[in-house]
Amino acid sequence: MLEMDKKSFKKAYVNKFLEMHGVELKEGNNQQKYEALGSLVRDYVTRIWLKTNKKYNKTGEKQVYYFSMEFLLGRLLGDALLNLGIRDICREALLDLNIKLEDLENLEQDQGLGNGGLGRLAACFLDSMASLDIPGNGCGIRYKYGFFEQKIIDGKQVEVSDAWLKEGNVWEKRKAEKAEIVRFGGEINVSEVDGNLKFTHVNFEPVLAVPYDTPIVGYENEIANTLRLWSAEAVSNEFDFSSFNRGDFLQAIKYKNSVESISQVLYPEDSFYEGKMLRLKQQYFFVSAGVQSIIRHFKKHGGNIELLDEKVAIHINDTHPTLAIPELMRILVDEENLEWNTAWRITTNTISYTNHTILAEALEKWSVDMFQKLLPRIYMIVQEINERYCKELWNKYPGNWDKISRMSIISDGKIKMAHLAVVGSHSVNGVAKLHTEILKKKEMSDFYYLYPNKFNNKTNGITHRRWLLKSNPELTKLLKDTIGDSFIRHPIDLKSFENHLYNEVVLEQLGKIKKFNKERLASTILKNDNIRVDPNSIFDVQVKRIHAYKRQILNCLRIMDLYNKLIDNPNYDIVPRTFIFGGKAAPGYYLAKNTIELINCVARKINNDSRVNDKIKVVFMQNYRVSLAEQIIPGTDVSEQISTTTKEASGTSNMKFMMNGAITVATLDGANIEIKDEVTDDNIVIFGLTADEVLSYYQNGGYKSVDIYNSDQRVKRIIDDLVNGKYHNDKNKFKSIYENLITYNDEFFVLKDFDSYLKAQDKVDTLYRDGNKWQKMCGVNIAHSGIFSSDRTIQEYATGIWGSQVIYKNL
Ligand code: 26Q
């Protein structure tokens, strides 16, 4: 913890402001005040950062490098203050100067360099590694434009580019002297030198990869790890305007534009693969720069390359950074002149891989033609890996061509990245128990039988520092007052909160805190979305990417049904509810965009119908992102986790909601199952098909959605309402949704689960009416959320996969 008192902080801040802006504090605007605060905090962090790096260089501890296309960090100021242990001092010091800390924190642009779960998981992992004293580095891309900003105009999603760097970024440090060259295209000349083959890459297009480093501050432990994001620039001597004639000049412009496009923008598709050349370029770009810089650093500090795997662990976040495998082989074989087999041992021991999805449409397969043109030497290496691996398969399964071609890394003119990732790593993990079982028994069963020891589960987690301490200070205070503060370092200690749930005062406090957070959320909704909602109603929330398998449609259909019931019977007795949605649709995903429009049309209709008598309200909050999640989650009563069973690998918002005392309505999918096991059936509301039932329907058929349409009057009516003009003048507006559910037989079992979902919601209603019981359930959820801290997850990765030295923290 930083030694600092209010007085010295105030003085330092006033001086910093003057020095930066050349005017006195009282004359400055909030943006300037934010910049001064950010810069001051950055100075504090820098000291810790230098100290940490010195320590690592001295001890030579094993370094973990977490390679990810996405890091969804959100805002950093509040987090840094919290982890430095000076957020309260800072708040009080600023208050003396008539400044509200939160006002300044809210000016920070979210660092939105990720799509959703996978990117946010990477951010939580960085926080946990730093807080657990694990030497862990992030490696990714410094996109100039992050995930697009979403505006809702006329009920529709409109994408606006996210120019997050416009006002500068106090947290990053450009390290021009640590730039690397990445080579694209060209040809490979093969020659023989001293009886060995030598591969020379010629006529390639060089790209300069410039790192920008961001410190990741650990929780009150004097550690700041590094997130290194690479930016693509033209190599300067390739781009000297004055020496070019006109033709060359145009060439040079073309070169510069093509290079800079590499780190220009984050692809906004999640769970959907498209074989775009630029995406492949992005992948090789950061992976090559990252691996080169790791080796350079390792050698500079006297490392013996043959012992690399003892000092370095590289983890790949899904298949997106899989090229780290052939890139490391290239460096070891071509540049370090190691034997293939030695290089292969080092590479597989160094690399580990996490799978985040079983959706077939998300699997990466690159066309050989494109791959070979863009990365000729890497392609040769992948071919060599594949040949040796297929020989191994032949020895094991002689004559079984079917199996061998199914398992091959290259087949049908495509390179299968998941196969390369499994073959080239020593560990493959899923992100929740069910997901790992499905990987082992179904999706990757061939590989599981070949390499049973590689497969393991690491159930996801979330950092309780951001998602409880920072986003819910009121609840944090209640917890500290009742059970002490050991849970901050040992989140599993939250369990003892359960012993206090017989205490009516504690339950009452819980209720008050929730109410307070709901009021805050209600004012955000009014401000951002211009809808007035009642904090006394149940806040029922589904926030996540919009996707058919996540079934926002199921949620929307039950609201349409409830609306019908309220109109049919004005005395229909329910606890008033506010339905809150949020999430972005991939720009090219028609059905997801149509879903947003449906929700908004349903909202407009219901919110303006006086017969509803304010019993229900529907809100689609625009531009869902990390900083908005921090406001929504503490103010939520009911957490909707309703994906089609088997489809959601884990989910992580489910964990954030329970930690903040929401009751989960869930299918038995992903980590929901583990949440249920923790809190028991009494403290969660489960509905819907089981995994076995879903898998059996997929395998054997037997489900006809139209039968449900014909037999259930409620279903018939709401499905008809989609296409009879009730919610939109244009009757064809929601035809795609109608067709998905009826014509194409409802791939995600929305109608199949509908009745069971309605019953689950009736149960919620009943439970909520018994105030004390409800608060107790909320308390049980909080008490059992400690296991879902990413500190637990990271300790499992560190001991089970990376071989980091871990001072075991008892969670
Ligand atoms: C791939 C190729 C080309 C373009 C984009 C992509 C791409 C990008 C992002 C594919 C997938 C993603 C993101 C996937 C993701 O977020 N998966 C989620 O990961 C979470 C963390 O493990 C899980 O909790 C969620 O269940 C899972 O959906």
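Here is the figure for region 89-142: residues that are among the hydroxyl-bearing types (Ser, Thr, Tyr) and in contact with a helix residue (DSSP H, G or I) (Cβ under 6 Å, 6 or more places away or on another chain) total 1.
Can you tell me which of Ile606, Ile673 is among the hydrophobic types (A, V, I, L, M, F, W, C), within 16 Å of the ligand (Cβ to nearest atom), more than 19 Å from the chain's Cα centre (by Cα) and part of a helix (DSSP H, G or I)? Quick ask: steps written out before the conclusion?
Numbers: Ile606 fails: within 16 Å of the ligand (Cβ to nearest atom).
Testing whether each residue is among the hydrophobic types (A, V, I, L, M, F, W, C), within 16 Å of the ligand (Cβ to nearest atom), more than 19 Å from the chain's Cα centre (by Cα) and part of a helix (DSSP H, G or I) leaves just Ile673.
Okay, residues lined up against (1) on the phi > 0 side of the Ramachandran plot; (2) in a loop (DSSP other than H, G, I, E, B); (3) in contact (Cβ under 8 Å) with a residue 12 or more places away in the chain:
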{"residue": "Lys26", "(1), (2), (3)": "no, no, no"}
{"residue": "Gly38", "(1), (2), (3)": "no, no, yes"}
{"residue": "Val41", "(1), (2), (3)": "no, no, yes"}
{"residue": "Tyr44", "(1), (2), (3)": "no, no, yes"}
{"residue": "Lys55", "(1), (2), (3)": "no, no, no"}
{"residue": "Glu61", "(1), (2), (3)": "no, yes, yes"}
{"residue": "Val64", "(1), (2), (3)": "no, no, yes"}
{"residue": "Leu72", "(1), (2), (3)": "no, no, yes"}
{"residue": "Asp79", "(1), (2), (3)": "no, no, yes"}
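Restricting Asn317, Asn349 to those that are within 24 Å of the chain's Cα centre (by Cα) and within 29 Å of Asn460 (Cα to Cα) reduces the list to Asn317. Could you tell me whether Tyr549 is at pLDDT 95 or above, within 21 Å of the chain's Cα centre (by Cα) and part of a helix (DSSP H, G or I)? Taking the combined requirement at face value, the residue satisfies it. Looking across region 134-155 at every residue that is away from the ligand (no atom under 16 Å from the Cβ) and in a strand (DSSP E or B), the one that is surrounded by the fewest Cβ atoms within 10 Å (Cβ to Cβ) is identified as Ile153. Scanning region 552-570 for residues that are at pLDDT 95 or above, more than 32 Å from the chain's Cα centre (by Cα) and not charged (D, E, K, R) yields Leu562, Tyr563, Asn564, Leu566, Ile567, Asn569.
Please find, among Ile675, Ile718, Ile737, the residue that is at pLDDT 95 or above and in contact with a strand residue (DSSP E or B) (Cβ under 7 Å, 6 or more places away or on another chain).
Ile675
Are there any pairs with C-beta distances below 9 angstrom linking a residue in region 88-116 that is more than 23 Å from Glu172 (Cβ to Cβ) and in a loop (DSSP other than H, G, I, E, B) to a residue that is away from the ligand (no atom under 16 Å from the Cβ) and of a type in the set (S, T, N, Q), with the two at least 6 apart or on different chains, and if so which? Final answer for the pair search is Ile99/Asn30. When the test is whether a residue is of a type in the set (A, V, I, L, M, F, W, C), surrounded by fewer than 19 Cβ atoms within 10 Å (Cβ to Cβ) and over 29 Å from Glu443 (Cα atoms), Val679 does not pass it. Filter region 411-458 down to the residues that are over 26 Å from Pro398 (Cβ atoms) and either free of Cβ contacts under 8 Å to residues at least 60 places away in the same chain or touching a Cys at 6+ places or on another chain (Cβ under 8 Å) (or both), then identify the one that is farthest from the ligand (Cβ to nearest atom). Selected residue: Glu437.
Can you say whether Asn724 is surrounded by fewer than 17 Cβ atoms within 10 Å (Cβ to Cβ) and either modelled with pLDDT under 95 or farther than 20 Å from Gln552 by Cβ (or both), as far as the supplied structure shows? For Asn724, the condition - surrounded by fewer than 17 Cβ atoms within 10 Å (Cβ to Cβ) and either modelled with pLDDT under 95 or farther than 20 Å from Gln552 by Cβ (or both) - is met.
Determine the pairs where a residue that is in contact (Cβ under 8 Å) with a residue 12 or more places away in the chain and closer than 12 Å to Trp802 by Cβ, located within region 310-326, has a partner that is polar (S, T, N, Q) and away from the ligand (no atom under 16 Å from the Cβ) with Cβ atoms under 8 Å apart, the partner being 6 or more residues away or on another chain. Pairs found: Lys311/Gln63; Val312/Gln63; Val312/Thr350; Ala313/Gln63; Ala313/Thr350; Ala313/Ser804; Ile314/Thr350.
With respect to the conditions (1) polar (S, T, N, Q); (2) surrounded by 21 or more Cβ atoms within 10 Å (Cβ to Cβ); (3) closer than 26 Å to Phe749 by Cβ, Asn564 lacks only one, and its number is (2).
Output the number of residues of region 596-615 satisfying the condition of being among the acidic types (Asp, Glu) and surrounded by 21 or more Cβ atoms within 10 Å (Cβ to Cβ). Full working, then the answer.
Residues of region 596-615 that are among the acidic types (Asp, Glu), as a first pass: 597, 609, 614.
From the residues that got through so far, the ones that are surrounded by 21 or more Cβ atoms within 10 Å (Cβ to Cβ) too are 597.
Within region 596-615, residues that are among the acidic types (Asp, Glu) and surrounded by 21 or more Cβ atoms within 10 Å (Cβ to Cβ) number 1.
Considering only region 117-133, how many residues are farther than 14 Å from Asp318 by Cα and assigned to a helix (DSSP H, G or I)? Selection size over region 117-133: 9.
When you check Glu306 against the structure, is it surrounded by fewer than 23 Cβ atoms within 10 Å (Cβ to Cβ), out of contact with any helix residue (DSSP H, G or I) (no Cβ under 7 Å at 6 or more places or on another chain) and either farther than 20 Å from Met277 by Cβ or among the polar types (S, T, N, Q) (or both), yes or no? For Glu306, the condition - surrounded by fewer than 23 Cβ atoms within 10 Å (Cβ to Cβ), out of contact with any helix residue (DSSP H, G or I) (no Cβ under 7 Å at 6 or more places or on another chain) and either farther than 20 Å from Met277 by Cβ or among the polar types (S, T, N, Q) (or both) - is not met.
Of the set (1) modelled with pLDDT of 95 or more; (2) over 22 Å from Trp774 (Cα atoms); (3) more than 13 Å from the ligand (Cβ to nearest atom), all apply to Gly651 but (3).
Tallying residues that are over 23 Å from Thr793 (Cβ atoms), charged (D, E, K, R) and surrounded by fewer than 24 Cβ atoms within 10 Å (Cβ to Cβ) within region 626-656 yields 1. If you check Arg551, Arg532, Arg558 for being buried (at least 21 other Cβ atoms within 10 Å of the Cβ) and either more than 12 Å from Ile580 (Cα to Cα) or charged (D, E, K, R) (or both), only one passes: Arg551.
Taking the options Val202, Val210, Val193, Val158, name whichever one is surrounded by 15 or more Cβ atoms within 10 Å (Cβ to Cβ) and not small (Gly, Ala, Ser).
One residue alone meets the criteria, Val210.
Those helices (runs of 4 or more DSSP H) of region 323-397 that lie entirely within it include none in which at least 2 residues are hydroxyl-bearing (Ser, Thr, Tyr) and within 16 Å of the ligand (Cβ to nearest atom).
Looking only at residues in region 70-109 that are closer than 23 Å to Tyr145 by Cα and charged (D, E, K, R), the one that is farthest from the ligand (Cβ to nearest atom) is Glu105. Note on region 398-441: residues that are more than 26 Å from the chain's Cα centre (by Cα), farther than 18 Å from Pro452 by Cα and outside any helix (DSSP H, G or I) amount to 9. Can you confirm whether Phe67 is within 16 Å of the ligand (Cβ to nearest atom) and surrounded by 23 or more Cβ atoms within 10 Å (Cβ to Cβ)? Answer is yes for this residue.
Matching residues to (1) in a helix (DSSP H, G or I); (2) under 30 Å from the mean Cα position of the chain (by Cα); (3) of a type outside the set (Phe, Trp, Tyr):
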position	(1), (2), (3)
Val665	no, yes, yes
Leu668	no, yes, yes
Asp677	yes, yes, yes
Leu689	no, yes, yes
Glu693	yes, yes, yes
Tyr703	no, no, no
Tyr709	yes, no, no
Lys716	yes, no, yes
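Inside region 273-319, residues that are in contact with a Cys (Cβ under 9 Å, 6 or more places away or on another chain), assigned to a helix (DSSP H, G or I) and more than 22 Å from Glu205 (Cα to Cα) make up a count of 1. Per the conditions (1) out of contact with any Ser or Thr (no Cβ under 9 Å at 6 or more places or on another chain); (2) in contact (Cβ under 8 Å) with a residue 60 or more places away in the chain; (3) under 23 Å from Lys373 (Cα atoms); (4) not hydrophobic (A, V, I, L, M, F, W, C), the sole criterion not satisfied by Gln282 is (1).
The values are calculated or read from the model by the stated rules, or taken from the named source; none is laboratory data. The shown structure was predicted, so the numbers you read here are calculated from the model rather than taken from an experiment. Reconstructed Cβ throughout: ideal geometry from the backbone, glycine too, with neighbour counts over all protein chains shown.
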